[in-house]
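What follows is a set of notes on a single structure, which appears directly below.
The values are calculated or read from the model by the stated rules, or taken from the named source; none is laboratory data. Note that the structure is predicted; figures quoted are calculated from it, not measured. Here the Cβ positions follow ideal geometry from the backbone for every residue, glycine too, while neighbour counts run over all protein chains shown.
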Amino acid sequence: MFCEIANPFIRRILQEVGLVAGSMRPYVVGGFVRDSLMGKESQDLDVVVESSGSHNGITLAQKLADKWQVDVKSHQDFGTATVNHPEGLKIDFVTARCETYTQAGILPTVKFSQITDDLWRRDFSVNAIAISLSSDQFEQVLDPTNGIADLEGKRIRVLHAESFSDDPTRIFRALRYAVRFQFQIETETEKLMQSAIDRIGILSDARIRNEIERIFQEACVVEIMQWLSALGICQAICSQWQLPSDFESIWHNLQSHLEWAERHLDNDVLNAEALPWMALNLPSTGQERLSLPGRLRQKLVAHKELAQRLLYEPLTPMMKPSQIYQFLKPHPIEALVYHLPQPQIEQYLTQLRRIKPNKTGNDLIADGWTAGPNLAQALWEDFARQLDKCG
Ligand code: CTP
């Protein structure tokens with residue numbers, strides 16, 4: 001069977017990869033092949049090069065980089081390399097390998113091998129299909145695990161019984177693909193997945209964080225997160241973690257707040273990555289478990305503080321601009337955007353926060369004031385009058 005690569009630009013570059021490879025045997029694998037067979041556009045190019053005992057992935061990447069006169073980034077330990085084609089296409093190269101998990105959950109040790117072994121070590125059959133790039137077999141499909149039948153049957157199926165417990169990130173991946181493509185998780189695979197949920201505990205903070213951030217990139221975040229929660233995966237990550245029961249409306253509201261922010265705020269003022277984390281309601285023990293960066297955790301704390309404050313001191317239409325300013329100024333912009341839509345927050349973000357005081361301390365000193373708390377108070381009163389004129 002052959003699969004013609006639909007995008008003519010990508011097809012031309014991959015033909016070039018096959019030509020430059022000569023006797024090394026390169027294959028495009030994974031998401032690109034899966035999506036191509038489903039008639040979907042993908043730019044996510046992973047090329048596996050069969051090993052003849054050395055790092056052929058790196059050798060081929062280096063040859064292409066020389067030809068295209070670009071740099072190559074390589075990792076000798078893993079036999080991987082990345083090359084950016086000058087016309088704007090990133091290709092990841094890896095030497096075909098089989099992996100052995102000396103300790104489940106940590107990254108595997110790698111042994112170089114042939115393409116078929118490389119495909120059998122992968123997560124799901126639909127991700128274990130290869131398209132040959134060798135000139136004499138260009139676009140020939142290799143499907144040792146019957147992935148095409150699973151694509152047609154809309155099934156997510158693992159390739160061996162230990163797959164989830166060796167690598168519990170595959171639990172997140174299975175849910176992501178099932179929701180994204182509206183596929184079923186095959187019955188045996190689902191049982192294996194459920195029995196591996198307690199293995200999530202052995203995953204590193206970074207790997208879980210990465211899986212959650214990949215969920216944020218999906219179109220159906222709500223469905224995936226609710227499924228994760230129903231399966232007890234949130235609790236497996238952090239025993240006190242309960243996804244909010246109204247997560248669906250929280251998430252949809254958040255999307256409209258982000259759209260508002262995109263229309264009204266300059267790009268550089270908002271750290272938008274913090275907002276999805278605010279929606280998850282991850283307790284501080286969970287934030288520690290995932291080693292969320294300090295700056296992100298500060299934003300999550302600030303969000304909670306603002307939520308509490310708004311509960312007891314709601315913003316009202318009676319508030320003067322200077323009162324709105326004083327109320328909202330201490331809170332980071334991310335927390336304010338999260339708590340939209342409120343006219344006072346909108347006014348603060350689009351107007352009040354941008355106003356510069358007409359008078360400085362030096363101006364008042366020149367007017368005869370002496371430095372001290374009275375001066376600070378006078379400055380604020382002057383600025384408050386200025387703000388209230390905007391109302
Ligand atoms: N893979 C795997 N086990 C994992 C992660 C990845 O076997 N835990 C393999 C799969 O064959 C996958 C490929 O590595 O197709 C590339 O991984 P990744 O880029 O994460 O996924 P994609 O298939 O490109 O899917 P997505 O569309 O979600 O990016």
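Scanning the range 113-124 for residues that are surrounded by 17 or more Cβ atoms within 10 Å (Cβ to Cβ) and more than 10 Å from the ligand (Cβ to nearest atom) turns up 113, 115, 117.
Selection over the range 3-42 of residues that are within 16 Å of the ligand (Cβ to nearest atom), charged (D, E, K, R) and in contact (Cβ under 8 Å) with a residue 24 or more places away in the chain gives a count of 2. Would you confirm whether or not the range 146-162 contains a residue that is within 9 Å of the ligand (Cβ to nearest atom), among the β-branched types (Val, Ile, Thr), under 25 Å from residue 220 (Cα atoms) and part of a helix (DSSP H, G or I)? No, because not a single residue in the range 146-162 is within 9 Å of the ligand (Cβ to nearest atom), among the β-branched types (Val, Ile, Thr), under 25 Å from residue 220 (Cα atoms) and part of a helix (DSSP H, G or I).
Just one of the listed residues (45, 14, 19) is closer than 11 Å to residue 131 by Cα and among the aliphatic types (A, V, I, L, M), namely 14. Being of a type in the set (A, V, I, L, M, F, W, C), away from the ligand (no atom under 15 Å from the Cβ) and at pLDDT 95 or above is a description that does not apply to residue 192. Against the test of being touching a Ser or Thr at 6+ places or on another chain (Cβ under 7 Å) and closer than 28 Å to residue 341 by Cβ, the options 243, 265 yield a single qualifying residue, 243.
Would you mind finding the one in 83, 70, 94, 126 that is β-branched (Val, Ile, Thr), assigned to a helix (DSSP H, G or I) and modelled with pLDDT of 90 or more?
Details: 83 fails: assigned to a helix (DSSP H, G or I); 70 fails: assigned to a helix (DSSP H, G or I); 94 fails: assigned to a helix (DSSP H, G or I).
That would be 126, the only listed residue that is β-branched (Val, Ile, Thr), assigned to a helix (DSSP H, G or I) and modelled with pLDDT of 90 or more.
A count restricted to the range 195-244 and to residues that are of a type outside the set (Phe, Trp, Tyr), more than 14 Å from the ligand (Cβ to nearest atom) and in a loop (DSSP other than H, G, I, E, B) stands at 8. For the range 163-189, how many residues meet the condition of being more than 9 Å from the ligand (Cβ to nearest atom), closer than 19 Å to residue 121 by Cβ and polar (S, T, N, Q)? So the answer is 2.
Consider the range 43-57. How many of its residues are in contact (Cβ under 8 Å) with a residue 60 or more places away in the chain and within 17 Å of residue 9 (Cα to Cα)? Outline the logic, then answer.
Keep residues of the range 43-57 that are in contact (Cβ under 8 Å) with a residue 60 or more places away in the chain, which gives 47-48, 50-51.
Subset that is within 17 Å of residue 9 (Cα to Cα): 47.
Count: 1.
Here is a yes/no grid of residues against (1) surrounded by 14 or more Cβ atoms within 10 Å (Cβ to Cβ); (2) farther than 15 Å from residue 81 by Cα; (3) among the small types (Gly, Ala, Ser):
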residue	(1), (2), (3)
2	no, yes, no
5	yes, yes, no
8	no, yes, no
22	no, yes, yes
28	yes, no, no
32	yes, yes, no
38	no, yes, no
50	yes, no, no
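Counting the residues of the range 344-391 that are farther than 20 Å from residue 328 by Cβ, among the small types (Gly, Ala, Ser) and surrounded by 14 or more Cβ atoms within 10 Å (Cβ to Cβ) gives 2. Screening the candidates 270, 296, 275 for the property of being surrounded by 16 or more Cβ atoms within 10 Å (Cβ to Cβ), farther than 30 Å from residue 165 by Cα and more than 16 Å from the chain's Cα centre (by Cα) yields one hit, 270. Does residue 141 qualify as being more than 10 Å from the ligand (Cβ to nearest atom), in contact (Cβ under 8 Å) with a residue 60 or more places away in the chain and either crowded, with 16+ Cβ neighbours inside 10 Å or not small (Gly, Ala, Ser) (or both)? Yes: the conditions hold for residue 141.
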